[in-house]
Amino acid sequence: MTEAEFVALVRDILGAMGQRLEAARPVAEGLALRTADGFLYVFVADASRGSLASVRSWCEEEDVPMNRLVVFSLGELPADWAPEVARRGGTVVVGDALARLVDNLGIDTPLVPRPEGGVRADSAALPSAQELEAQMRRADTWWAAGVFPLALRFYTAAAELKPEYLAAHLGRARSLAALGRGPEARRAWEQVLALRPGLLEGEIGAALATGAGGDRRGERAQLARLVSAHPQSWEAQIAYIAVLIDEGSWAEARGELRRALIRSEQDGRLHFLLGVALERTGDPDGARREWERARRLGLSADDESRLRALAERTPRSPTDPPQGF
C-alpha cells in the first residue's frame with residue numbers, strides 16, 4: 001500500500017459520505033479528520049504504530065466526545081482497541097464491515113477487497129423495490145453501528161426512491177437529530193408528520209429539533225404539552241426530563257424522575273439521576289440512598305461518570321421551590 005493509495009481511499013470515503021472536512025492531522029497510525037458535524041474519523045493504516053493510549057488521546061487532542069469517534073482500519077486492530085472504543089461510545093469499522101462500506105459507497109480501491117456477493121450502491125441493474133430494500137438495509141446497519149452520516153446518506157437515498165416511505169423519512173430525521181443538525185432535523189420531522197399526522201415520535205422529534213435550533217423555551221413548551229397529552233408515553237417523559245436536566249430545573253426534574261420510576265423502578269440510570277436531583281435540591285441523604293440503589297441495580301462506573309458529566313454541565317439550583325410533592 002502506498003501513501004497515495006491510502007489518502008485517496010480516505011478522500012473517497014469522506015466524499016461519498018458527504019462529509020465536510022474541518023481539520024485533518026497525521027497520527028502515528030494514519031490520519032485523523034474532524035468534520036463540520038463534530039465527528040472525528042480516524043483512518044488506521046498501521047495499527048502496530050499505536051497503542052491503547054492512542055485511542056484515548058485522539059479525542060482528547062481534538063476535543064471531541066468519544067461517542068463521535070469512528071475508527072476505520074484496513075487491517076486487524078489490537079484486541080483491546082475495539083472494546084475501549086465501544087466502551088466509550090465510539091464505533092469501529094474494520095474487516096468485513098469496511099469492505100461492505102466501501103462496496104456500499106461504490107468505491108473501487110485495491111486496498112479493500114470487494115465482499116462476496118456485494119452490490120454497488122450505484123448499480124442501475126436493481127429493480128426499484130430491491131434497491132429500496134438494499135438502501136434501507138445499509139442505512140439500518142450504519143445506524144445500529146452509530147455511523148450516523150452514513151445512515152443519513154442511505155436513508156436519504158431510500159426516501160428519494162420512494163418519497164412516501166415513512167420508515168426512510170423516520171431514519172433520515174433520526175440521523176439528522178443524532179448529528180445535531182437542528183434546522184434540517186426539524187424539517188425532516190415535519191416531513192414525517194406530513195406523512196403521518198400526530199405520530200408521537202414525530203412530535204417529540206420536532207420538539208427536540210426546535211431546541212437544537214436554539215428555541216429552548218419552545219422545546220420545553222412542546223414537550224410539556226406532549227407529556228400532558230400522552231401521560232403513558234415513556235418516550236415523551238424521558239425527553240422532557242432530559243430538557244429539564246439540561247436547563248438545570250432540578251426541582252421539576254425530581255418530580256418527573258419519581259413519576260418515571262413508578263413505571264421503571266429497576267432502571268439504575270433513573271435512580272442515579274434522581275439522586276443528583278435530590279442533591280441539587282438540598283437532600284444529600286436521599287441522594288446517597290438513590291445512588292446506592294442505582295449501584296445495586298448494576299449501574300456501572302462508566303455509566304455513573306457519564307450521567308454525572310451530564311449533570312455537571314447544568315447550573316446548580318438548590319433553592320428551587322419544591323414542585324409535585
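The values are calculated or read from the model by the stated rules, or taken from the named source; none is laboratory data. Note that the structure is a prediction, hence the values are computed from the model and not measured. FYI the Cβ positions are ideal-geometry reconstructions off the backbone, even for glycines, and counts take in every protein chain you see.
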Revision key, fill the gap. Flagged in region 216-233 as under 22 Å from HIS271 (Cα atoms) and not in a helix (DSSP H, G or I), in numbering order, are PRO231, GLN232, SER233
Exercise for review: With the checklist (1) in the same structural domain as ALA158 (by TED's automatic domain parsing); (2) without any contact (Cβ under 8 Å) to a residue 60 or more places away in the chain in hand, flag the one item GLN222 doesn't pass.
Suggested key: (1)
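Inspect all residues belonging to region 259-273 and state whether any of them is under 30 Å from GLY90 (Cβ atoms), basic (Lys, Arg) and at pLDDT below 90.
Step one: filter region 259-273 for residues under 30 Å from GLY90 (Cβ atoms), giving 260, 264, 266-273.
Going one step further and asking which of them are basic (Lys, Arg), we end up with 269.
Filter again for at pLDDT below 90, leaving 269.
Checking region 259-273: at least one residue is under 30 Å from GLY90 (Cβ atoms), basic (Lys, Arg) and at pLDDT below 90.
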Check your understanding: Has region 198-211 got at least one residue that is over 24 Å from ARG68 (Cα atoms) and hydroxyl-bearing (Ser, Thr, Tyr)?
Key -> no
**Study point:** Residue count for region 59-84, restricted to those that are part of a loop (DSSP other than H, G, I, E, B) and among the aliphatic types (A, V, I, L, M)
**Key:** 4
Check your understanding: Does region 155-162 contain at least one residue that is outside any helix (DSSP H, G or I), modelled with pLDDT under 80 and either of a type outside the set (S, T, N, Q) or touching a strand residue (DSSP E or B) at 6+ places or on another chain (Cβ under 6 Å) (or both)?
Key -> no
Practice item. Restricting attention to region 45-58, report how many residues are touching a helix residue (DSSP H, G or I) at 6+ places or on another chain (Cβ under 8 Å) and assigned to a helix (DSSP H, G or I). Key: 4
Exercise for review: For residues that are surrounded by fewer than 23 Cβ atoms within 10 Å (Cβ to Cβ) and under 27 Å from LEU200 (Cα atoms), tally how many sit in region 271-291.
Suggested key: 0
Check your understanding: Looking only at region 85-109, which residues are among the charged types (D, E, K, R), surrounded by 16 or more Cβ atoms within 10 Å (Cβ to Cβ) and not in a loop (DSSP other than H, G, I, E, B)?
Key -> ARG100, ASP103
**Study point:** Condition broken by VAL112, with the remaining ones in (1) of a type in the set (A, V, I, L, M); (2) modelled with pLDDT of 80 or more; (3) assigned to a loop (DSSP other than H, G, I, E, B) satisfied
**Key:** (2)
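Test ASP37 against the criterion of being surrounded by 14 or more Cβ atoms within 10 Å (Cβ to Cβ), under 19 Å from ASP96 (Cα atoms) and not polar (S, T, N, Q), and give yes or no. Break it down stepwise before answering.
On the way: surrounded by 14 or more Cβ atoms within 10 Å (Cβ to Cβ): yes; under 19 Å from ASP96 (Cα atoms): no; not polar (S, T, N, Q): yes.
Criteria not met by ASP37.
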Practice item. List every residue pair whose Cβ atoms sit under 8 Å apart, with the two residues 6 or more apart in sequence or on different chains, where the first one lies in region 190-205 and is outside the structural domain of ALA239 (by TED's automatic domain parsing) and the second, anywhere, is hydrophobic (A, V, I, L, M, F, W, C) and surrounded by fewer than 17 Cβ atoms within 10 Å (Cβ to Cβ). Key: VAL192/LEU166; VAL192/LEU199; LEU193/LEU199; LEU195/LEU166; ARG196/LEU166
